[in-house]
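Inspection log for the structure reproduced underneath, given as structure tokens.
The values are calculated or read from the model by the stated rules, or taken from the named source; none is laboratory data. Every value quoted in this text rests on a predicted model; they were computed, and no experiment measured them. Glycine also receives a Cβ, built like all others from the backbone with ideal geometry; neighbour counts cover every protein chain displayed. For accessibility, only protein heavy atoms count, side chains too; no ligands or nucleic acids. Shrake-Rupley method; radii C 1.70, N 1.55, O 1.52, S 1.80 Å.
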Amino acid sequence: MPAVLVPDRLTRHVAAGHPWLYVDAVPEVVGARTGDLVTLLGQGRRPIGHALFDADSPIALRVVATRKDERPGPALWRRRLETAWLLRQTTLDLSATDAFRVLHGEGDRLPGVVVDFYAGCAVLKLDTPAWLPHLADLTGAIVDVVRPRSLWFKGLSGQRGGDDVPEPQRPRLLAGEPPPPLVAIREHGMRMHVDVRRGQKTGMFLDQRENRRLIRQVARGRETLNLFSYTGGFSLAAALGGAPRVTSVDLARNAVDAARDNFVANDLDPGAHAFVAADAFAFLDDTAGTTYDLVVVDPPSFAPNHKSVRAAEAAYARLNASALRQVRPGGLLAAASCSSHVPMDMFLKILGESARQARRPLRLLEVRGEPPDHPTPLHFPEGRYLKFVLALAE
Ligand code: SAH
């Protein structure tokens with residue numbers, strides 16, 4: 001196995017549970033190719049763990065093991081899945097929910113590997129091609145532990161579809177029967193149809209599950225606007241919670257159509273609600289003056305990297321200020337951000353700026369991060385990407 005000397009100042013981060021080593025921070029990994037397992041050496045060339053090597057990513061090494069009794073390989077991947085599966089069974093309320101994240105990469109100590117579960121259909125997604133040589137081993141572990149009816153491979157994150165995608169990273173069935181065109185799931189009793197093949201990410205944004213539940217809890221009697229609505233998760237939650245009228249806005253026409261179909265799946269009359277395929281920024285401009293009792297704002301990440309953070313701060317502030325202007329006095333703003341480059345304290349400052357711009361002081365009702373099926377190592381702030389804030393607008 002190739003080996004690499006980890007600089008002293010980083011060995012303590014590795015020991016504390018940080019799962020990444022950047023290419024600029026470690027010496028060249030001689031003789032290793034993408035997908036190779038590498039031994040990490042500390043002071044005196046003492047082994048301190050193992051990592052998976054990626055020759056083309058700024059994250060050169062993803063730490064897969066740090067303990068003496070952990071040998072990287074199929075048995076360890078399987079153990080990680082068993083631990084992750086048990087954690088979900090013991091920390092989530094699964095009485096009326098059958099869609100959740102089984103394995104959250106770094107937070108479940110298989111960095112770069114994501115497995116989501118949709119009512120018997122497991123979906124695997126990888127952040128790095130370094131896992132591709134281990135795909136058969138991962139498949140075996142998932143099949144043994146999760147026992148899904150189908151295991152669908154969604155490819156690499158950020159990968160575009162099309163014929164130019166190299167064969168090994170093409171989406172495909174890994175085990176079981178092909179998933180149906182729409183998988184019917186339940187989330188706290190709410191029904192959703194999930195398109196795991198063509199949908200965004202693995203098909204659904206499972207990380208907002210508990211926040212959708214919160215919206216359901218506070219929506220009674222509130223006319224609601226849901227911006228960046230995707231397949232209507234927050235919209236359904238609001239309508240089922242008693243919102244008399246919900247307006248869903250998303251740029252993607254097929255997502256808006258799916259949202260309407262999801263209303264029907266929950267015996268809600270789509271005719272009583274509005275479904276708009278439009279740019280959310282343009283929609284806010286075009287409807288200035290219209291107001292609601294609850295506005296949900298859950299945009300895609302504005303800061304994909306460190307360099308874009310300043311621009312993203314301004315964009316989040318302006319967007320939430322516009323949204324806030326459409327909240328009636330005493331109404332609620334639910335603002336989310338999924339950029340890992342915008343930490344919670346920064347997001348709260350951004351909302352402060354929105355409140356200042358709109359001249360609408362905010363009072364915080366809930367401030368939340370990821371749910372328990374999206375665990376993050378304490379010593380890995382980069383992993384805490386989700387912010388969700390429910391605030392009362394005066
Ligand atoms: N709240 C959703 C997830 C939102 S993901 C849920 O709970 O499931 C972000 C969504 O924003 C995507 O559906 C994407 O299609 C949409 N989107 C991206 N840019 C947009 C824009 N400029 N205007 C409106 N929607 C946009």
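Looking only at residues in the range 98-157 that are farther than 18 Å from Met192 by Cβ and charged (D, E, K, R), the one that is most open to solvent (accessible area, probe 1.4 Å) is Arg147. Taking the conditions exactly as written (within 19 Å of the chain's Cα centre (by Cα), within 16 Å of the ligand (Cβ to nearest atom) and touching a residue at least 12 places away in the same chain (Cβ under 8 Å)), does Pro377 satisfy them or not? No: the conditions fail for Pro377.
Count of the range 193-246 residues, restricted to those that are away from the ligand (no atom under 11 Å from the Cβ), open to solvent by 10 Å² or more (accessible area, probe 1.4 Å) and within 15 Å of the chain's Cα centre (by Cα), is 1. Lys307 passes every criterion in (1) within 16 Å of the ligand (Cβ to nearest atom); (2) in a helix (DSSP H, G or I); (3) modelled with pLDDT under 95 apart from (1). Scanning the range 80-97 for residues that are over 10 Å from Asp373 (Cα atoms) and open to solvent by less than 20 Å² (accessible area, probe 1.4 Å) returns Leu81, Thr97. Of Arg318, Arg356, all but one fail to be within 16 Å of the ligand (Cβ to nearest atom) and either free of Cβ contacts under 8 Å to residues at least 40 places away in the same chain or in the same structural domain as Val296 (by TED's automatic domain parsing) (or both); the exception is Arg318. Within the range 82-102, residues that are of a type in the set (Lys, Arg) have Cβ atoms under 7 Å from residues that are outside any strand (DSSP E or B) and surrounded by 19 or more Cβ atoms within 10 Å (Cβ to Cβ) in these pairs: Arg88/Asp373; Arg101/Leu206; Arg101/Asp373; Arg101/His374, counting only partners at least 6 apart in sequence or on another chain. Taking each residue of the range 323-347 that is small (Gly, Ala, Ser) and looking for partners that are open to solvent by 10 Å² or more (accessible area, probe 1.4 Å) and within 16 Å of the ligand (Cβ to nearest atom) with beta-carbon atoms closer than 6 Å, six or more apart or interchain, yields Ala336/Asp298; Ser339/Ser301; Ser340/Tyr385. Return the residue satisfying two criteria in turn: it lies in the range 303-315 and is free of Cβ contacts under 8 Å to residues at least 12 places away in the same chain and of a type in the set (A, V, I, L, M, F, W, C), and of such residues it is farthest from Arg222 (Cα to Cα). Among those residues, the one meeting the criterion is Ala311.
Look at Ala272 and say whether it is in contact with a helix residue (DSSP H, G or I) (Cβ under 9 Å, 6 or more places away or on another chain), of a type in the set (Gly, Ala, Ser) and surrounded by 15 or more Cβ atoms within 10 Å (Cβ to Cβ). The answer is no for Ala272. The strands (runs of 3 or more DSSP E) found wholly in the range 323-394 and carrying at least 2 residues that are buried (at least 22 other Cβ atoms within 10 Å of the Cβ) occupy 327-337, 387-393.
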